[in-house]
Protein chains: 4
Amino acid sequence: MSQPLNIAVVGLGRMGVRHVKTLLYRVPHAKVVAVCSIMDHELKWANENEEYKTFGITVYKSYDEMLNHPGLQAVWVSTSTDVHASQSLAAIAKNLHVLCEKPLSTDMAEAQSVVDAAKQKPHLKVMAGFSRRFDASYRDAATKILDNKAIGEPFMVRSNTCDLRDETGFFVRYAARNGGIFVDCAIHDIDLSLWYLGNPLPKACWAAGTLQHHPELKELNDVDNAVGVVEFWGGKIAYFYCSRTQAHGHDVCTEITGKTGKVMVNVIPKANNVVIADKLGMRHEVQPEYWQRFEDAFALEANEFTDSVINDKPVPLPMEGGLMVMHIGRALQHALLSGEVVKFNEKGERL
Amino acid sequence: MSQPLNIAVVGLGRMGVRHVKTLLYRVPHAKVVAVCSIMDHELKWANENEEYKTFGITVYKSYDEMLNHPGLQAVWVSTSTDVHASQSLAAIAKNLHVLCEKPLSTDMAEAQSVVDAAKQKPHLKVMAGFSRRFDASYRDAATKILDNKAIGEPFMVRSNTCDLRDETGFFVRYAARNGGIFVDCAIHDIDLSLWYLGNPLPKACWAAGTLQHHPELKELNDVDNAVGVVEFWGGKIAYFYCSRTQAHGHDVCTEITGKTGKVMVNVIPKANNVVIADKLGMRHEVQPEYWQRFEDAFALEANEFTDSVINDKPVPLPMEGGLMVMHIGRALQHALLSGEVVKFNEKGERL
Amino acid sequence: MSQPLNIAVVGLGRMGVRHVKTLLYRVPHAKVVAVCSIMDHELKWANENEEYKTFGITVYKSYDEMLNHPGLQAVWVSTSTDVHASQSLAAIAKNLHVLCEKPLSTDMAEAQSVVDAAKQKPHLKVMAGFSRRFDASYRDAATKILDNKAIGEPFMVRSNTCDLRDETGFFVRYAARNGGIFVDCAIHDIDLSLWYLGNPLPKACWAAGTLQHHPELKELNDVDNAVGVVEFWGGKIAYFYCSRTQAHGHDVCTEITGKTGKVMVNVIPKANNVVIADKLGMRHEVQPEYWQRFEDAFALEANEFTDSVINDKPVPLPMEGGLMVMHIGRALQHALLSGEVVKFNEKGERL
Amino acid sequence: MSQPLNIAVVGLGRMGVRHVKTLLYRVPHAKVVAVCSIMDHELKWANENEEYKTFGITVYKSYDEMLNHPGLQAVWVSTSTDVHASQSLAAIAKNLHVLCEKPLSTDMAEAQSVVDAAKQKPHLKVMAGFSRRFDASYRDAATKILDNKAIGEPFMVRSNTCDLRDETGFFVRYAARNGGIFVDCAIHDIDLSLWYLGNPLPKACWAAGTLQHHPELKELNDVDNAVGVVEFWGGKIAYFYCSRTQAHGHDVCTEITGKTGKVMVNVIPKANNVVIADKLGMRHEVQPEYWQRFEDAFALEANEFTDSVINDKPVPLPMEGGLMVMHIGRALQHALLSGEVVKFNEKGERL
């Protein structure tokens, strides 16, 4: 067997910890050699973690030190959005492969700088972490639409990212650094729209939002529920609903309408195959959060990234793909805050 | 417009009252001229009913007197099972058309006597009331299976009749006269099986039951939940689950499996098109009873019966069809009580 | 029984003919005494219709003559949108009750004139025909949301009106007079949004559309698929998708999100309770058009209108309710064509 | 990290090969050291398999030799049913832990001998492979029913194992050694029934079957579609439908009815979250076989077995549990072939 990929995870928040687990248990060709966090409670937790010890994982407080870990080949950047770009750049500078969680940055120029840096080192695998691209259902939809032409020319996408209401305060604390609801939350929906619609260029967009449960977001120029519409050149349209406040669970669905049919992904979300019938009628439960929905997708993503490095294949999702996604996400956020339509020229550049 | 059909309804229980409503409001070619009941509280209710007065309906205490109502042409027998046959015979004797609720009788000889009497008066329309035969979904299933051969040769039927638990005691009071769970409750399922399987003859059957909520049924030689299997000559099988004790509503479904596919009718029952999502997940309500599920079917049945009389067409469901249904229902009930397999010869006669 | 309501239907297109049927067979307290059309083929058809003869229906070519039909009490206006207002006004002038199909007019002033005329004759029942308000599922949703507070304060509505693609050319011929996709098609969705959100006032709206199957609509300043968003004062939002080109059937759904839950109406449309399983998987059919979906609603609407006249009750849907609906529909259509946001002041007046 | 468990897999048919994959990629604490097959084509395939080479797996033709593989600790028996027992016994004799695919044997005495041998070596982990017990949905159902009492006392189980029709001939070739449809196919359904109903003892059973696609099964005393009913002492009932001939996929569902509700597992099987809407209506695909449905369950099973060995915990499913399951399966098969009811005394022993 070829040598496993020596990989480190930076960021030990909710998702970073899960990524470590995925790498340990579901990615046979990867080996977690180091983790890093600047948060004291995360460091304490990691240093006391028996599993990390038995797997021989070194815990770093300094990201720069971690980058010098002997034999390190790749970094999974799973920190908050505001440091995604700088940490990716630092890893690239050290000739390390990078899998960076979306979005690259909330600043377009900074995001571009990562893409540029990656282009200058074509031997490095640098990949944007759009996990839904690795989900079996979204892939099946892509096969049906793009390969099998099952719905004719697709022209309309509806896509929702609706999260269970977070009563813990975690989400609001995190919100200050996430770039706003359309950058943090709709970014997957925008990415899916571009995928299924064949990468059209934006023509105009508008958005409206409301604050229902987290009035403190107002100071952060954000909302907790928002609707946005993107019109593309060529008669294509995508529209999104993002919510932080669902009562029933993680409700993420996408519908793609084409000239001869429609593909629906997860329009009725279900936690598992169980239905209970009692005095209230018939009901099923819904996944509480995206982890339960996309756990397998994260595993596949990690395996495909590992495979691209070990076997020197192209990464499944090149970094630059994320630039247009963010470009649109930021325009929607601007429309939301200004109340005005954001327009783009025929090259997709904002006017 | 041709003259409407003068019809009377005997039996003013829950269903009789509904049949009157159906005839008044949804059967434009029928005119309810009389109703009859021997129950004091039903009579009192009918005599005080303003609607009946405005529609000019005469209320009778005596069935024989009602049969002599001037101009009466047809009778809808909606009493308890034990008098279905005698009332049908009396109506036939008076040269009246008859729509008789299922089952004709719990006694085979008595049921046969009604069929014989009807045959001797071929100008009369005498029809068994198997309401599911008039339901849009069951008819669509029949079209798909029998006309379109959508599933190839059908060979297996699963059919359930599961009622909402009746906490009022109504059901148990009625149970003494209904012939047992397989005669009263599974009879529709047996009828549907014969329809979809092409009227096969029974070869053997067995059943098992249990008492969960109505122990008082034991004295009546009955159970409140039962499963039965009928094997037909020619390699066809039907199996049934009947229940009186469902918590969630009226749950009646049928699945027909054929060589190249399966048709499912109402496997997930829904009261309407509404789903509610909240902390419990996603749920829909279920119809509380068969009226909500089959109201349209009863209206169609009444219209088709009326049409068969006015325009002298064959009745959609001849009386004799009900004989084999009851024959099988009684055999299942016997198997349930004896614990033994009931066997039939190649003519479908019990051995 | 009180005397039935003498009613006439003007317009014998697809819907007018159905309304006559509904009145004949499902509205026991109404009597169709006359119909009217100016279309030769409709007149010919009506004059030769045996059923109309047996029910004694007089066929008129002149609407004015029909209004003078002896004993006429009410008119159901089921013509094309461009004459709804003038025909309603003429009926009101003759002291006739009016049930007018939506929308009253594509011109706000004209629509207002009908409302004004109706107000001056408070003894007349003048009603806007928003049929979905009479649908069992939408009513159940209203009960859950408005009466039972099942989802807390509602703040977001998604509502779709997506029609099966019409290959016959009927739709395009009709389109010239219907006011555009947001006036003709989204008007029900707007009405439902106002209902469930508690009649909020519009603050801003935007829309985008595309032509996929009917390029000839371009000359009519219309599209065949469109998305629109309405932001209301008070933090409420509604968004709509209208389509004339669905492959699978009539797909009309509404989702209402509130602070503690979500109600979904018809998110998975089904023609009936039948599912077929074969080599393609499991599938169900979808209603081909709104008639199959809303036939019962039209019957209830006709019965409630009849009841309001006969028993002098308020109409279930007063005419003026339709004004705000059309106001918003026209603003969305304007946004669609101009590409600009339409804004409203705090009284809901367009700026 | 503690040392991984050295495990070997015997049998390299469709499932054996999958078990090796599961152990390699999804069971971090297990290490596949050897595989074994007596089939030439399987051996050839294994000897040429690059992956097996890189993971250092030794391929054996002799099971006895494999049992002597240095350091071997456990064996996963994944051969045909007729050698399950003898191979398990041989492994136990060598002091190896055993995970044996269901059923232990088609012969009760032989099955008992394995249980006895295991009891004499309590330090060995010997486990029956009832994979559904490790499925997330079945476990959730168990939690709801047994722990949360969500449906009150359960008394009725319906359970189906319906396989996609196998056009390749594989199934029929295998059938000669599998003990018949109720032993090979319903055994999971019987096991689930015992689990959810609290291990009741059988009182009587009956079955009926038919041959629809594989007439050659007649010589093997088997059928390709069968229905069976088991009545238990204490008023509990389970009924099963097994099929080898479904057109639409692997359709495996279970419904458990209790005094106050019903739990349904996988009543509408779905391959993934994708629905396609087109001229045929709305449809979803169904898993082609149990691997797609239960892949995660097999991984969990392998992990829990590994954990029980490494950490010396009780196995999640003791061997003896399978004895009653097979006892009932064989009785159903007897009823199927004889046409007679099989009865049991109050200890569950066949009369």
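The values are calculated or read from the model by the stated rules, or taken from the named source; none is laboratory data. This structure is a prediction, so every number in the text was calculated from the model and none was measured. Backbone-built Cβ (ideal geometry, glycine too); neighbour counts: all protein chains shown. Heads up: the accessible areas ignore ligands, DNA and RNA and are worked out on the full protein's heavy atoms, side chains in. Shrake-Rupley method; radii C 1.70, N 1.55, O 1.52, S 1.80 Å.
Within region A:213-240, the set of residues being open to solvent by 10 Å² or more (accessible area, probe 1.4 Å) and out of contact with any helix residue (DSSP H, G or I) (no Cβ under 7 Å at 6 or more places or on another chain) comprises A:His213, A:Pro215, A:Lys218, A:Glu219, A:Glu231, A:Trp233, A:Gly234, A:Gly235.
For C:Gly249, the requirement of being in contact (Cβ under 8 Å) with a residue 40 or more places away in the chain, within 11 Å of chain A (Cβ to nearest Cβ) and open to solvent by less than 10 Å² (accessible area, probe 1.4 Å) is met. Tallying residues that are crowded, with 21+ Cβ neighbours inside 10 Å, away from chain C (no Cβ under 14 Å), of a type in the set (Lys, Arg) and in a helix (DSSP H, G or I) within region B:114-132 yields 0. Exactly one residue among A:Glu65, A:Glu42 is of a type in the set (Asp, Glu) and touching a helix residue (DSSP H, G or I) at 6+ places or on another chain (Cβ under 9 Å), and that residue is A:Glu42. Against the condition in contact (Cβ under 8 Å) with a residue 40 or more places away in the chain, away from every other protein chain (no Cβ under 14 Å) and not basic (Lys, Arg), how does D:Phe155 come out, does it pass? No, not satisfied. For region A:1-19, the candidate set comprises residues that are in a loop (DSSP other than H, G, I, E, B) and modelled with pLDDT of 95 or more; within that set, the residue that is nearest to A:Val83 (Cα to Cα) is A:Gly11.
Condition check ((1) touching a strand residue (DSSP E or B) at 6+ places or on another chain (Cβ under 8 Å); (2) crowded, with 19+ Cβ neighbours inside 10 Å) across all residues:
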| residue | (1), (2) |
| --- | --- |
| B:Gly11 | yes, yes |
| B:Arg14 | no, no |
| B:Val32 | yes, yes |
| B:Cys36 | yes, yes |
| B:Asp40 | no, no |
| B:Lys44 | no, no |
| B:Thr58 | yes, no |
| B:Met66 | yes, yes |
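If you go through region B:224-250 and keep only what is assigned to a strand (DSSP E or B), among the charged types (D, E, K, R) and over 18 Å from D:Ala204 (Cα atoms), you end up with B:Lys236, B:Arg244. Of the residues making up region D:268-289, those that are buried (at least 21 other Cβ atoms within 10 Å of the Cβ) and of a type in the set (Val, Ile, Thr) are D:Val274, D:Val275, D:Ile276, D:Val286.
Picking from B:Lys218, B:Lys270, which residue would you name as being without any contact (Cβ under 8 Å) to a residue 24 or more places away in the chain, more than 7 Å from every other protein chain (Cβ to nearest Cβ) and in a helix (DSSP H, G or I)?
Step by step, each of B:Lys218, B:Lys270 is checked, and only B:Lys218 is without any contact (Cβ under 8 Å) to a residue 24 or more places away in the chain, more than 7 Å from every other protein chain (Cβ to nearest Cβ) and in a helix (DSSP H, G or I).
Within region A:49-76, residues that are farther than 18 Å from A:Ile38 by Cβ have Cβ atoms under 8 Å from residues that are of a type in the set (Phe, Trp, Tyr) and crowded, with 21+ Cβ neighbours inside 10 Å in these pairs: A:Ala74/A:Phe305, counting only partners at least 6 apart in sequence or on another chain. Elements of the type helices (runs of 4 or more DSSP H) sitting completely within region B:133-199 and holding at least 3 residues that are of a type in the set (A, V, I, L, M) and open to solvent by less than 20 Å² (accessible area, probe 1.4 Å): these cover B:187-197. Quick one: would you say D:Ser105 is small (Gly, Ala, Ser), outside the structural domain of D:Pro200 (by TED's automatic domain parsing) and touching a residue at least 12 places away in the same chain (Cβ under 8 Å)? Yes. Looking only at region A:200-212, residues that are without any contact (Cβ under 8 Å) to a residue 60 or more places away in the chain and either open to solvent by less than 20 Å² (accessible area, probe 1.4 Å) or outside any loop (DSSP other than H, G, I, E, B) (or both) come to 2 in all. The set of residues in region A:69-103 being assigned to a loop (DSSP other than H, G, I, E, B) and open to solvent by 10 Å² or more (accessible area, probe 1.4 Å) consists of A:His69, A:Pro70, A:Gly71, A:Leu72, A:Gln73, A:Ser78, A:Thr79, A:Ser80, A:Lys94, A:Asn95, A:Lys102.
Could you check region B:165-191 and list, in sequence order, the residues that are more than 19 Å from B:Gln246 (Cβ to Cβ) and within 14 Å of the chain's Cα centre (by Cα)? If the condition is that a residue be more than 19 Å from B:Gln246 (Cβ to Cβ) and within 14 Å of the chain's Cα centre (by Cα), then B:Gly179, B:Val183, B:Ile190, B:Asp191 are the ones that fit. Inspect region B:260-267 for any residue being within 14 Å of chain A (Cβ to nearest Cβ) and either open to solvent by 20 Å² or more (accessible area, probe 1.4 Å) or at pLDDT 95 or above (or both) and give the result as yes or no. Yes, some residue in region B:260-267 is within 14 Å of chain A (Cβ to nearest Cβ) and either open to solvent by 20 Å² or more (accessible area, probe 1.4 Å) or at pLDDT 95 or above (or both). Restrict the check to region A:335-348 and report whether at least one residue is at pLDDT 95 or above, under 20 Å from the mean Cα position of the chain (by Cα) and in a helix (DSSP H, G or I). For region A:335-348, residues at pLDDT 95 or above, under 20 Å from the mean Cα position of the chain (by Cα) and in a helix (DSSP H, G or I): absent. Considering only region C:290-306, I want to know if a residue exists there that is open to solvent by 50 Å² or more (accessible area, probe 1.4 Å) and within 14 Å of chain D (Cβ to nearest Cβ). Yes; the residues of region C:290-306 include at least one that is open to solvent by 50 Å² or more (accessible area, probe 1.4 Å) and within 14 Å of chain D (Cβ to nearest Cβ).
Quick check: is even one residue across region C:323-332 out of contact with any Leu (no Cβ under 8 Å at 6 or more places or on another chain), open to solvent by 50 Å² or more (accessible area, probe 1.4 Å) and in contact (Cβ under 8 Å) with a residue 60 or more places away in the chain? Yes - at least one qualifying residue is present in region C:323-332. Taken over region B:53-68, the criterion of being hydroxyl-bearing (Ser, Thr, Tyr), under 30 Å from B:Asp184 (Cα atoms) and assigned to a helix (DSSP H, G or I) is satisfied by B:Tyr63 alone.
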